[in-house]
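Worksheet: one structure, shown below.
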Amino acid sequence: MKTFPGASKLLSTAPDSPQNDDHVPNLNHDELAILLRLGERLVSELDLDAVLSLVAETACKVVQAETLAVPMVDFDHQTYTYLAASGEEALLVRGMSFPIGEGACGWVLNHERPLLFGEGGSYELNPAASWEPGMASSLLVPLICRGRIIGGLSAMGKRHGAAYTARDLAILTLFANQAGIAIDNACLFKALRDEEARVRMVLDSAGEAIYGIDTAGRCTFANPACLRMLGYAHETDLIGRDMHATIHHSLPDGRPLPVTQCKVHWSIHVGYESHTDNEVYWRRDGTSFPIEYWAHPQVKDGRVLGAVITFVDITERVRTNQELALVNFALNHVGEAAFLVDAAGRFKYVNDEACRSLGRSREELLGLRVIDIKADASTEDQWRDFWRRVEAEKTSTFESRHRSL
């Protein structure tokens, strides 16, 4: 790999930096064609790696560099990394990282000014040094976009042993102005894509079913749990479809549910959150299941853009509640008093006969403990002894006296 004697100290600043004046070089036909083709390709390219590779390849041709690298400031602003390179030493250079203040690139990134080690100019980094024929020449310019430094272009060695000149510097700076915007746009696109991927990962990992709709009620996304519960294989099966007409069109008894009575509809047209647990969603195969859902409107600058709906299948909850209702009905129609208590002796359930025989309301009894009504076990120690016997024997038959009103 070629070295540049004292490169970190011998590189000079151009006498009149083209980045800071209005000088534009006279481009020949080939140079102009390369820049125009680059502009056309960069307009349609948003992948950061592809943009960086294209910039390195094109800049290498524009200034006839033996090797051209693209150092980019890292996220922590403490280091820079050659993310792309083209030319003879590209494979060796690409991926190398250095502290932000190290070397000629570090100087350019810190000072946001170009450096030329070649014909002409004064050598600010080391006034005693000068370029001489036979020495490797180099050229570096910063990439500045939206008022901030994002990286640079580093041309290392000119083909056929030639030296870089002020004209090369002006051309590369003109190129950098065009490339900087494209790279920054690709960085923004990558950040958006990464954030979208993060949000998608959260949605895909969620156990709850989640889907989104626009203001017309059309599906904008659906996570895997949503697809699974509704019987769809792919998100594209729902995207763009009217979700009320697709999954929420009817009541549990089959009667139509008008969209005007749908609480999700209220969320996107009134902007209020809504919640319900007494409706059903309809699967792709025409069957329904009970759900509890929450609808949250998406609001930006005072305008509702849509809504995000989260729902869970409450089939087991409904079945359990129905079974408990049957048990409660049965217990309330037996002739004996029935109680359910916990280990602390708190009443968790009392039937109608228990309330009648004790002369207390159900609400009152559920706020009491056994020792409050049991005359022969009225202390904590007596209750603990009794509970230990029940735990040991698993079942127990006994007679007791209760206090009634």
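The values are calculated or read from the model by the stated rules, or taken from the named source; none is laboratory data. This structure is a prediction, so every number in the text was calculated from the model and none was measured. Quick reminder, even Gly has a Cβ in these numbers, built from the backbone with ideal geometry, and neighbours come from all protein chains shown.
If you filter segment 158-214 down to residues that are among the hydrophobic types (A, V, I, L, M, F, W, C) and outside any helix (DSSP H, G or I), you find that the one that is surrounded by the most Cβ atoms within 10 Å (Cβ to Cβ) is Ile213.
Residues in segment 260-280 that are among the aliphatic types (A, V, I, L, M) and surrounded by 15 or more Cβ atoms within 10 Å (Cβ to Cβ): Val264, Ile268, Val280. For Asp385, the criteria (1) part of a strand (DSSP E or B); (2) farther than 14 Å from Phe339 by Cα hold in every case but one, which is (1). Residues of segment 215-243 that are assigned to a strand (DSSP E or B) and either on the phi > 0 side of the Ramachandran plot or crowded, with 19+ Cβ neighbours inside 10 Å (or both): Cys219, Ala222.
Looking across Leu143, Leu139, one residue alone is under 21 Å from Ser86 (Cβ atoms), among the aliphatic types (A, V, I, L, M), assigned to a strand (DSSP E or B) and under 36 Å from the mean Cα position of the chain (by Cα). It is Leu143. Just to be sure before I move on: is Arg146 under 23 Å from Arg41 (Cα atoms), at pLDDT below 90 and surrounded by fewer than 24 Cβ atoms within 10 Å (Cβ to Cβ) in the structure I sent? Considered against the rule, which asks whether it is under 23 Å from Arg41 (Cα atoms), at pLDDT below 90 and surrounded by fewer than 24 Cβ atoms within 10 Å (Cβ to Cβ), Arg146 comes out as yes. Of the numbered criteria (1) farther than 22 Å from Asp237 by Cα; (2) surrounded by 15 or more Cβ atoms within 10 Å (Cβ to Cβ); (3) of a type in the set (A, V, I, L, M), the one Val312 fails is (1). The single residue among Ala354, Ala337 that is touching a helix residue (DSSP H, G or I) at 6+ places or on another chain (Cβ under 8 Å), of a type in the set (Gly, Ala, Ser), more than 30 Å from Tyr281 (Cα to Cα) and in a helix (DSSP H, G or I) turns out to be Ala354.
For every residue, the table says whether it meets (1) closer than 18 Å to Glu208 by Cβ; (2) touching a residue at least 60 places away in the same chain (Cβ under 8 Å); (3) in contact with a strand residue (DSSP E or B) (Cβ under 9 Å, 6 or more places away or on another chain); (4) not in a loop (DSSP other than H, G, I, E, B).
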{"site": "Tyr272", "(1), (2), (3), (4)": "no, no, yes, no"}
{"site": "Asp277", "(1), (2), (3), (4)": "yes, no, yes, yes"}
{"site": "Val280", "(1), (2), (3), (4)": "yes, no, yes, yes"}
{"site": "Arg284", "(1), (2), (3), (4)": "no, no, no, no"}
{"site": "Pro290", "(1), (2), (3), (4)": "yes, no, yes, yes"}
{"site": "His296", "(1), (2), (3), (4)": "yes, no, yes, yes"}
{"site": "Val299", "(1), (2), (3), (4)": "no, no, yes, yes"}
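Glu393: surrounded by 12 or more Cβ atoms within 10 Å (Cβ to Cβ), farther than 30 Å from Asp237 by Cβ and acidic (Asp, Glu), yes or no? No.
Of the helices (runs of 4 or more DSSP H) lying entirely inside segment 1-87, those carrying at least 2 residues that are modelled with pLDDT of 90 or more and buried (at least 20 other Cβ atoms within 10 Å of the Cβ) are 48-62. Is it the case that some residue within segment 310-318 is over 19 Å from Leu257 (Cα atoms) and at pLDDT below 85? Yes; the residues of segment 310-318 include at least one that is over 19 Å from Leu257 (Cα atoms) and at pLDDT below 85. Restricting attention to segment 301-327, the residues that are part of a strand (DSSP E or B) and either within 24 Å of the chain's Cα centre (by Cα) or of a type in the set (Lys, Arg) (or both) total 10. Within segment 357-378, if we keep just the residues that are polar (S, T, N, Q) and touching a helix residue (DSSP H, G or I) at 6+ places or on another chain (Cβ under 8 Å), the residue that is surrounded by the most Cβ atoms within 10 Å (Cβ to Cβ) turns out to be Ser378. For Thr246, the conditions (1) surrounded by 18 or more Cβ atoms within 10 Å (Cβ to Cβ); (2) touching a Pro at 6+ places or on another chain (Cβ under 8 Å); (3) among the polar types (S, T, N, Q) are fulfilled apart from (2).
Summed over segment 387-403, the residues that are at pLDDT 80 or above and more than 57 Å from the chain's Cα centre (by Cα) give a count of 0. All conditions but one from (1) buried (at least 17 other Cβ atoms within 10 Å of the Cβ); (2) in a loop (DSSP other than H, G, I, E, B) apply to Pro252; the one that does not is (1). Taken together, the criteria place Gly121 among residues that are closer than 19 Å to Lys158 by Cβ, touching a helix residue (DSSP H, G or I) at 6+ places or on another chain (Cβ under 9 Å), at pLDDT below 85 and not charged (D, E, K, R).
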